Every structure is written in C-alpha cells, then in structure tokens.
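The values are calculated or read from the model by the stated rules, or taken from the named source; none is laboratory data. Not measured: the values here are computed from a predicted model. Neighbour counts are summed over all protein chains in view; Cβ atoms, including those assigned to glycine, are modelled from backbone coordinates with ideal geometry. Protein only, heavy atoms only, side chains kept; ligands, DNA and RNA dropped before computing areas. Shrake-Rupley method; radii C 1.70, N 1.55, O 1.52, S 1.80 Å.
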Amino acid sequence: SLVSGLRLACTNRTSRVSEPGIVVDDDFSFGAAPDGLTWNDSRCIARADSTGLRLENRRSESVCMMGYPAGPLDANVRIELTVRGVGLTRGGLVVLGFGRDAIEGVQYSYSITADRRVELCRSENEACRRLLFKTRVIAVKQGSEENTLAVQIRGKEIALFVNDFPIGTDTADADVSGGMTLGVGPGTKVLVKHVRARLLSS
C-alpha cells in the first residue's frame, strides 16, 4: 500500500499551471508520462523510462502521430518541444503539431530532420500544404544532442525557432488555436525531454 501511495503521489510530470502564463509544463526527464500518450498501432511505440519519454516509429513509410493530452491552446502562445536523438537515425524526423481541430481534420505541423531540413505544413485530411521549407539549417543539432523546436503564435502570425534560432514566419488565414500533436517519422526513435506552452501577452 505504501508503494501504491507513492506511485500516486510522486510524479515527474510537472504541470506548473500556477505559474503565471504557463499552461503546459511537462518534464519527462525522470520518466513519468501523462495518460493518453499511447498509440494503438503496434508499430508506433511510446514508453517512459528513467531518462524521458521514448517515441519510436517502426513503420517503413508513414509518420506516427498522436494527439497530446492537453487542452486546446489559445492563439497567443509559445510552444516548445525538447527532444534528443533525432539525428541518430538516417532520415530521422520529429514533428510538433499545433492548431489542431480534430473535427475539421486540420492542423499545422512543424518538423525537423536528421539532415537539417525544416518544414511547416498546414494539413487537412492528411494532405500537407507546405508553407515553409528550408535545408541545411545549421541550428539543428545532429547526433544524440538535444533540439528544442519552438512555435510562437500571435493571432494569425506563426514564428518558428530551433534552439532559439529564428527559422521563419508565416501568416495564416485565421487565428491559429487548437490542440497539440507529437510525431516521429519512419524508422525514427527520439527521446522527448520536455513539452512546454506559455501564453504570450497580446
């Protein structure tokens, strides 16, 4: 009973919503993960260990995507995803989805790859309309190093960053708000260290 009680009381998933402006602050550095971070597909693996949340895609072609278990985010927010190891796999790819409307089947996706490509898409019914694409982005760290993808949204304006380096901007047709998703490309394994979102002053 003591062990069961400690499991309920001690969690390494931090959500410091009491801190002004912070709406998501999930630190997976010690292995805890929120309910809902699972895949039904046996080739898409999500598991926590003592170092973080491991996402693995055993498919040979398609991307594994999952809805992130957090409420919809407002249109004035900065979202950050810190991962390790995207550069360990040739063709490695990690995706941060945002502005998700599950009913309409629409979301934005921001991705980086092991060979330093960066892309922003607007996806509708799984079809990607490319909004921004860059190659040889030196700010993307390779090998086992950590990378932090950041999206800063102010109404219709979307600004992208990698490791605090500005990548580019895009202007949407309407205010960008909605849920988040995480994804990994074919044959990719990454370690998720931190997911964070904070509101921006308008």
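Residues in region 37-93 that are surrounded by fewer than 13 Cβ atoms within 10 Å (Cβ to Cβ), under 19 Å from Val195 (Cβ atoms) and small (Gly, Ala, Ser): Ser50, Gly71.
Every condition in (1) surrounded by fewer than 19 Cβ atoms within 10 Å (Cβ to Cβ); (2) within 22 Å of Gly71 (Cα to Cα) holds for Ala139 except the one numbered (2).
The number of residues in region 34-63 that are closer than 13 Å to Val184 by Cβ and either in contact with an Asp or Glu (Cβ under 7 Å, 6 or more places away or on another chain) or aromatic (Phe, Trp, Tyr) (or both) comes to 2. Within region 106-135, residues that are at pLDDT 95 or above and β-branched (Val, Ile, Thr) reach partners that are in a strand (DSSP E or B) and open to solvent by 30 Å² or more (accessible area, probe 1.4 Å) with beta carbons closer than 6 Å, at six or more positions or on different chains, in the pairs Thr113/Leu93; Val118/Lys134. Scanning region 89-109 for residues being of a type in the set (Lys, Arg) and either farther than 16 Å from Asp74 by Cα or assigned to a loop (DSSP other than H, G, I, E, B) (or both) gives a total of 1.
Take the residues in region 144-198 that are part of a strand (DSSP E or B) and over 25 Å from Arg84 (Cα atoms), then tell me which one is least open to solvent (accessible area, probe 1.4 Å). Steps first, please.
Going through region 144-198, the residues part of a strand (DSSP E or B) turn out to be 146-154, 157-162, 165-171, 178-184, 189-198.
Filter again for over 25 Å from Arg84 (Cα atoms), leaving 154, 157, 170-171, 178.
Numbers: Arg154: 107, Glu157: 87, Asp170: 31, Thr171: 80, Gly178: 10 Å².
The residue in question is Gly178.
Residues in region 110-121: is at least one open to solvent by 60 Å² or more (accessible area, probe 1.4 Å) and outside any loop (DSSP other than H, G, I, E, B)? No, region 110-121 contains no residue that is open to solvent by 60 Å² or more (accessible area, probe 1.4 Å) and outside any loop (DSSP other than H, G, I, E, B).
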